[in-house]
Amino acid sequence: MGNQTVDIVKSSLQALVDDKSFLPELSGERRKKAFTSLLAILSTPNHVNKSFLRIALENGQVVRIPAYRVQHNNILGPYKGGIRFHESVNEDEVVNLAALMTLKNALHQVPFGGAKGGVVINPREFSEKDLYVICKKYVQYFSDSLGPDKDIPAPDVGTGEREMDWMMGEYKSIRPGESYRGSFTGKSVENGGSLGRREATGKGVYYTFRYLMHDFLNLQESWLAERDNPFAKTVLALKDKLLSVAVQGFGNVGSVVALAAFQCNHLNNKVVAVSDRNVTLYNSEGLNIPSLVKYSYANNGDLPKTDEMVKLAGIKAEILNREAVLTIDTDVVFLAALENQVHGENKKDIKARIIVEGANAPVSTEADEYLSAKGVVIIPDILANAGGVIVSYLEWLQGRETQFYQEEEVYQKLYEKMKETFDTVLPQFFADPYPLRRNCNIHAVMKLSMIMYRQGKLY
Ligand code: GLU
C-alpha cells in the first residue's frame, strides 16, 4: 500500500498499543499479537480491481482505458468512496485514497468502509457521448463488486451528478428487480440525490474552519490561553483579526469554500486569492466571489484567465500563475485541488498559519512535519472534507426510506455530525503537543481496531 497510509496506520497503532486504557483486556503476548494483526489488516487493501475498459469512441476508434476500483476495508459497513476521472490516476494513488476513505468514515462514525475508483482519462478531452459510454462500461466491468450494501461509489475529481446518474442507470439495467437507489450517491436531485450533496464537501470544509476559529475559540479562549501549546498560540493570535484567505481550486469544493468564506458573518474574512488549473486571481482588498462563481459557472468551470476576461467577469484582480495561490501572504489557505500540492520543494514558501485540506492528501508528509513544527495548524483531509461522504450517507438513507429532507435539514444534520467529531478531537489536540492529523488518525484507527477486535478478526 502507498507509504503514506502505511505510515499513518503504523504510527497510530504504535500510540494505541502504548495506551493501556485502550482494550485493557489485551495484555502481554496477546496484545502484541492483536496489534501485529491490526497492522497487517489495515495496511493492505482487501481488493484491488483493475480493468482495461474497451471503449468504442464516437470517432470510430476503439481504445482501452485503465480503470480501478479499490476496496480497502469494510469492517464498519459497505465500501464507500468516489470515482475520479483524471489522467494522473494510478494504482498507488487509488489504494491510498481508498484507505483514507476508511479512516474518514471511521473518524466521523459514518457506517461505511473505504473504497476509491479511478479512470485514467482527462474528461475534458472526451465528448459527452464518450463519457457516457465510459461510465456505462465502468459499471459493467465492476458490477460484481458494486451494490447498495456492498460498495457504493460517489463523485470525486472529474465526476459529478451526471456521471452518477448514468452509472446508476446502468446498474439498474444490469440487475433488474434489485434495489438500486443506494447503489450510487451524489446523483442529481431529480434522480434520487440529496439536496445539498453538491455543496456538501465545500460547506463541510468551511464549517471545520469556522467551528475552530469561531465556536471553539470563543468558548475555550481562556482554557487555550493556559495551554503551553504552539497550535493554541497560533489560533489565539488570529482571534478577532480580519483574516486573509486564499483558496486553491475553484471546482465543486473550492468555489463553495470561497463563497462560504465571502458570505460568513461569524468571522471577518477577506478572500484575497483564488486559483484553478490555469491561473491565480489576486486582489489585496478582497475578490468579488459571487461574480467569480457566476463567471466560472457560465465558462465551463474556468476562472477568467486574461485581463479582458477579468473585466468581463465584472471584478478587479491581478492575474498570477496558478501556483502563486499557495505562497501569497495570507493567514489561511484552503487546499481544494489535488494531492501533493504543498511538498518538500515549496514548504518553506508557505506563509499561511492555518491550512485546511479540502482535497485528499494535498500536503505531503514531509511538508506536514516541517509546517507543524513551526506551529502551522493543518486541518487534515479526513476531518475537513468529510462533508461529501456524510451527505452521501444521508442520501443513501433517504433513498432507503424514499423520504427526502429539505436542504436546510441536510446542512443541519451535516453540521451536527461534524460537530460531534470536532468535540471529540479538538480538546485533545490542544492538550497534546502533536498535530491534529495525528489525533484524527488515532481516533479513526482506534474505532476500526475496536470493531475488528469485537468481531473476532484479530485471533
Ligand atoms: N469523493 C468524496 C471523498 O473523497 C466523497 C465520497 C463519497 O461520498 O462516497 O470523500
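The values are calculated or read from the model by the stated rules, or taken from the named source; none is laboratory data. This structure is a prediction, so every number in the text was calculated from the model and none was measured. Neighbour counts run over all protein chains shown; Cβ positions are idealised from the backbone, glycine included. Calculation scope for accessible area: heavy atoms of the full protein, side chains included, ligands and nucleic acids excluded. Shrake-Rupley method; radii C 1.70, N 1.55, O 1.52, S 1.80 Å.
Of note:
- Each residue of region 41-188 gets 99 Å³ once the volume of the Cα convex hull is shared out per residue.
- Accessible heavy-atom area order of Ser364, Ser173, Ser183, highest first, probe of 1.4 Å: Ser173, Ser364, Ser183
- Of all complete DSSP H helices in the chain, those with a Cα span along the helix axis of 15 Å or greater and a mean Kyte-Doolittle hydropathy of -1.0 or more are 3-18, 28-42, 91-107, 128-142, 387-401, 407-431, 436-454.
- Ordering of 111-122, 275-286, 382-393 by packing is 382-393, 111-122, 275-286, highest average first (other Cβ atoms within 10 Å, averaged per residue).
- Here region 370-459 is treated as a sphere whose radius is the Kirkwood value from Cα pairs; by Stokes-Einstein at 4 °C and 1.567 mPa s it diffuses with a coefficient of 84 µm²/s.
- Relative packing of 293-299, 198-204, 448-454, which averages over residues the other C-beta atoms within 10 Å, highest first: 198-204, 448-454, 293-299
- Helical contribution to [θ] at 222 nm, DSSP H n ≥ 4, -39,500 (n - 2.57), averaged over the chain, rounded to 500: -14500 deg cm²/dmol
- The chain, relative contact order [Cα under 8 Å, separation at least 6], %: 16 percent
- Highest-first arrangement of 40-50, 187-197, 100-110, where packing means the average Cβ count within 10 Å: 100-110, 187-197, 40-50
- For Lys348, the lysines whose Cα falls under 16 Å of its own Cα, not counting residues fewer than eight places away in the same chain, are Lys374.
- Region 110-247: Rg to Rh, with Rh as the Kirkwood radius over Cα pairs: 1.16
- Sequence-distant contacts, meaning Cα pairs under 8 Å at least 6 residues apart, place the relative contact order of region 97-230 at 16 percent.
- Its Kirkwood hydrodynamic radius, worked out from the mean inverse distance over all distinct Cα pairs, puts region 29-76 at 13.9 Å.
- Spread of Cα-to-Cα distances over 20 Å intervals beginning at zero, given as percent, for the chain: 25, 58, 17, 0
- Pairwise Cα inverse-distance average, inverted: Kirkwood Rh of region 1-122 (Å): 15.9 Å
- Taking only the Cα atoms of region 290-335, the radius of gyration and Dmax are 11.6, 30 Å.
- Straight-line cross-link partners of Lys20 among the lysines, defined as a Cα under 30 Å from its Cα and at least 8 positions apart when in the same chain: Lys10, Lys32, Lys33, Lys104, Lys417, Lys419, Lys447, Lys457.
- By accessible area, using a 1.4 Å probe on protein heavy atoms only, the chain has 48% of its surface on carbon and sulfur.
- Secondary structure note: in the chain, about 50% of the DSSP beta bridges are antiparallel.
- The GluC sites (Glu not before Pro) of region 327-358 that DSSP puts in a loop, and whose beta carbon has at most 16 other beta carbons within 10 Å, are Glu345.
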